[in-house]
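Worksheet: one structure, shown below.
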Amino acid sequence: MSFVSIDDYRIIRKIGEGTFGEVYSGIDTRTNQKVALKKVIIHDKKDGFPIPALREISILQHLKHPSILPLLAVAGTEESSLDGGFIALVFPYIKHDLLGILRSAFVFSEPYRKYCIQSMLRGIGFLHQNSVLHRDIKASNIFVDEKGEVSIADFGLSRFKNSKKQKYTPGVFTCWYRPPEILLGQRNYSEAADIWALGCLAAEILTGEVFLRGKSEIDQLGLINKCCGEISEKTFPGVSLLPDYTRMPFSSDQPTILDRLRGVDSGGAALVEEMLQIDPAKRKPASELLKHRYFSAEPLPRIQNDILSFPSSHEYDIKVDALHK
C-alpha cells in the first residue's frame with residue numbers, strides 16, 4: 001500500500017456511498033487498471049483526518065486475505081476534479097456487490113450458495129483471528145468479482161478488539177443484521193456479533209430475501225424474539241441486566257429458524273440456526289462453523305461460472321433505478 005497523487009487516476013462516475021464518503025469508479029492512468037476510489041470527506045480541517053478512515057487504513061495495511069478486498073493505495077492532492085482537497089482510498093474495482101446480485105435475475109446454484117457462505121466465514125474467521133471486529137456485515141459490503149470470487153469490504157466501522165472488558169459503540173451494523181445483544185444496549189460485545197450478522201446474510205443467500213426485515217429497532221427485536229427464539233434469562237443469561245431490556249417486545253408465538261427456512265437445503269438451515277443463537281456465548285466461531293456438515297455434503301461448494309457474463313450490479317445502482325421509477 002502506497003500514498004500516491006490523485007492525478008494518477010481518471011474519475012469515471014459515482015458508484016456508491018461508503019461509511020464516511022462517496023465511492024467513484026476510475027482508471028489508474030499508469031496501469032490502465034479499473035479501480036474504485038472511496039472519497040474521505042473532511043468536514044472541518046480542524047478535526048483532522050476522520051478516525052474511521054484511519055482505522056480502515058490501519059486494518060487493511062496489516063491484514064491480507066483472499067476473502068478481504070485489498071487496499072491498493074491512498075491517493076491525495078490539494079486540488080482535484082471532484083472537490084477541493086481530499087483523500088481517497090483506492091481499491092480494485094469489483095463488478096458486483098452481493099445485494100445487487102440478490103436483487104437481480106441472477107440464479108444462485110446450490111454449490112455457489114455454499115461457496116459464498118464459506119468464503120465469507122473464511123474472511124470473518126481471519127479477521128477475528130487477528131482481533132478485528134467488522135461490525136457492518138451486510139449484503140452491500142460483500143463484493144463478487146467477474147470470476148465469482150467473494151470478498152468482504154467497507155471497514156469504516158471496524159475496530160481492533162483489545163480486551164474482553166472493552167466497551168464499544170452500539171451504533172453499528174445495519175438494523176436488519178444487528179444482533180440482539182447490541183439492540184438491547186450491550187457495549188462489551190464480541191466477535192459473536194459478526195457471526196449473527198453473517199447468519200442473517202447466509203439466510204438471505206439461501207432464500208433470496210432479507211431474513212429479518214424490521215421497521216425499527218423495537219420491531220427488529222420483536223422479529224428476533226418471534227423467529228429466532230425467546231429472548232429471556234433462560235436463553236440468554238444476564239440479558240435482563242442490559243440497558244434496554246425493558247423495552248423488549250415479547251411474543252407467545254415461537255416458530256423456529258428451521259420453520260422459517262423450510263424449502264432450503266437442510267444443512268444450510270442448520271448452519272444458520274447455529275449462527276443465530278440468541279445467546280452470543282453459544283454462537284460458534286467461524287473456524288468451527290467452517291467444519292459444519294453443510295460444506296462437506298454434496299453438492300460441494302463451487303464457483304458459478306455464468307456470473308462472468310452477468311451485468312454489473314451494485315446497491316447504488318438499485319437506489320438510482322428506484323428514484324427513476
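Here, each number is a calculation from the coordinates, and none is a lab measurement. Note that the coordinates shown come from a computational prediction; the quantities given were computed from them, not determined experimentally. Here the Cβ is made from the backbone with ideal geometry for all residues, glycine too, and neighbour counts use every protein chain on show.
Order these by the 10 Å Cβ neighbour count, fewest first: 196, 176.
176, 196
Note down the net charge around residue 218, summing +1 for each Lys or Arg and -1 for each Asp or Glu among other residues with Cβ under 15 Å from its Cβ.
Numbers: positive: 178, 213, 215, 226, 247; negative: 217, 219, 244.
Net of charged neighbours comes to +2.
Residues with beta-carbon under 11 Å from that of residue 286, excluding residue 286: net charge, scoring Lys, Arg +1 and Asp, Glu -1?
The answer is +1.
Roughly how tilted is helix 266-275, in degrees to the nearest 10 and between 0 and 90, from the longest Cα axis of the chain?
Computed tilt is about 80 degrees.
Can you tell me, using C-alpha contacts under 8 Å and at least 6 residues apart, the relative contact order of the chain as a whole percent?
That works out to 19 percent.
Take peptides 233-241, 105-113 and line them up by average Cβ neighbours within 10 Å, highest first, as a rough protection proxy.
105-113, 233-241
When Lys and Arg each count +1 and Asp and Glu each count -1, what net charge do the other residues less than 11 Å away from residue 158, Cβ to Cβ, add up to? Provide the component values of the computation, followed by the final result.
On the way: positive: 55, 135, 159, 161; negative: 56, 136, 154, 194.
Net charge in that neighbourhood comes out at 0.
Relative to the longest principal axis of the C-alpha atoms of the chain, give the angle of the C-alpha long axis of helix 51-62, reported between 0 and 90° and rounded to the nearest 10°.
That works out to roughly 90 degrees.
Hey, what number do you get for the chain at 222 nm if only DSSP H runs of n ≥ 4 count, each worth -39500 (n - 2.57), divided across all residues, to the nearest 500?
-8500 deg cm²/dmol
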